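K.L.:
This is the structure I have questions about; it appears just below.
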Amino acid sequence: MRVVLLGGAGYIGSVASHHLTALGHDVLVVDGLIYNRGDDPGRLLPSTARFEHGDLRDPALLERACVGADAVVHLGGIVGEPASQVDEALTVELNYASPLIAAVAAHAAGAGHYVFFSSCSVYGMHEGTVDEDTEPNPLGIYARTKVLAERRLREVLGTDTVLTSLRLATVHGSSPRQRLDSVVNSMASRAVATGRIPLNGGSQRRPLVHVGDVARILTDVLEKRRAGTWNVGSDEENRTIADIAETVASVVPGAVIQRGPERDEADARDYRVSFARLQQQMPDACSTSLENGVLEVANLLLTGRVDNPHQAQFDNHRGLVAAYTSGTVRAVRTPECRQYGAEYTAAWGQP
């Protein structure tokens, strides 16, 4: 199968590319490397994967990349609310316009399957347990772009293209392109580097999933052409922030929890997610435990593979700020981006 991974040199994509090529799939990775970290695609990606550097908002680039593709997977974009607030117009272009521009190119090229990486953040704050039929309640720019892209992709692709939307739980674990700013990875790396685990509040709920499990689920979805919207995670890994901190403390010897404010007012997300649909169709798909993910991240520091966890390259928000300040990435306001930006404005207000 020929698979195009848009944004495939990132935290999840670099793991997925190794998994797919190991199974014999023909993989093309297209990535803008917008964080300007000096990443070498040869270090991030398997030797059998092809790589093209370029802007995922460029229709001509995406048209070339999609020629002959059996499946197109959109993983790119800005991740997380802090990074999304750096420039809302830029976030709308990368998280909403780009997936739709890519969908137009994939449909024109005759790619039979389009996979969009979304997020459980679309649920925002909900009482009880949410599932794929629950009405999203996006609380910020990041979640709003994901919700709107999910809704519009079906219209753009039509009925002759299989569309899969993967709403990911909070991802943890090690990757060739490591992130340390998500809650598990942040707590684990700080526990090793400082002996302290910062905890604000603790009652907020977060579903978790290991990055390797995400790669395996993507492969299953591609090989079996599974359509529809899927929450990606496991019921067993619905955790509170306090649970995560306590797990990190149990894995990292000597680390202590440092409690802050009773509630993190900057992040109001609080939801428990049902992964019953995934479990029914893909039993044991998310079998890697939180403890294993914490141990992986801790070992990155203990073995020296990550010598300074405070570097901006490991933090999507700080990395994006650096790239934005240097002019490496900005809103381009092409006709396509203006069109999709107007749609976002109509749905959610002025960016």
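The values are calculated or read from the model by the stated rules, or taken from the named source; none is laboratory data. Here the structure is a predicted model, which means the values were calculated and not measured. Here the Cβ is made from the backbone with ideal geometry for all residues, glycine too, and neighbour counts use every protein chain on show.
K.L.:
Does any residue in the range 168-196 that is closer than 15 Å to P207 by Cβ come within less than 6 Å, Cβ to Cβ, of a residue that is surrounded by 24 or more Cβ atoms within 10 Å (Cβ to Cβ) and basic (K, R) six or more places away or on a different chain, and which pairs are these?
P.N.:
Pairs found: T170/R206.
K.L.:
Restricting attention to the range 319-351, which residues are under 30 Å from A193 (Cβ atoms) and in contact (Cβ under 8 Å) with a residue 12 or more places away in the chain?
P.N.:
Correct list: G319, L320, V321, A322, A323, Y324, S326, T328, V329.
K.L.:
Please report, ordered by residue number, the helices (runs of 4 or more DSSP H) entirely within the range 27-124 with at least 1 residues that are at pLDDT 95 or above.
P.N.:
Result: 59-66, 88-92, 98-109.
K.L.:
Quick check on my filter: what residues within the range 273-294 are in a helix (DSSP H, G or I) and free of Cβ contacts under 8 Å to residues at least 60 places away in the same chain?
P.N.:
Q279, Q280, Q281, E291, listed by residue number.
K.L.:
Find the residue count for the range 151-179, including only residues that are within 22 Å of N137 (Cα to Cα), among the aliphatic types (A, V, I, L, M) and in a helix (DSSP H, G or I).
P.N.:
Number satisfying all stated conditions: 1.
K.L.:
Among the residues of the range 222-250 satisfying the criterion of being polar (S, T, N, Q) and within 21 Å of the chain's Cα centre (by Cα), which is surrounded by the most Cβ atoms within 10 Å (Cβ to Cβ)?
P.N.:
In this case the residue turns out to be N231.
K.L.:
Does at least one position in the range 255-267 carry a residue that is in contact with a Phe, Trp or Tyr (Cβ under 8 Å, 6 or more places away or on another chain) and over 30 Å from T161 (Cα atoms)?
P.N.:
Taking every residue of the range 255-267 in turn, none turns out to be in contact with a Phe, Trp or Tyr (Cβ under 8 Å, 6 or more places away or on another chain) and over 30 Å from T161 (Cα atoms).
K.L.:
Report every pair of residues separated by at least 6 positions or lying on different chains whose Cβ atoms are under 8 Å apart, first residue within the range 129-148 and among the charged types (D, E, K, R), second surrounded by fewer than 19 Cβ atoms within 10 Å (Cβ to Cβ) and in a helix (DSSP H, G or I).
P.N.:
D131/A276; D131/R277; E132/R277; R144/A347; R144/W348
K.L.:
Could you list all residues from the range 300-337 that are exposed (fewer than 13 other Cβ atoms within 10 Å of the Cβ) and in a helix (DSSP H, G or I)?
P.N.:
Across the range 300-337, the qualifying residues are L302, T325, S326, P335.
K.L.:
Within the group V27, V15, which residue is free of Cβ contacts under 8 Å to residues at least 40 places away in the same chain, touching a Ser or Thr at 6+ places or on another chain (Cβ under 6 Å) and buried (at least 24 other Cβ atoms within 10 Å of the Cβ)?
P.N.:
Matching residue, one of V27, V15: V27.
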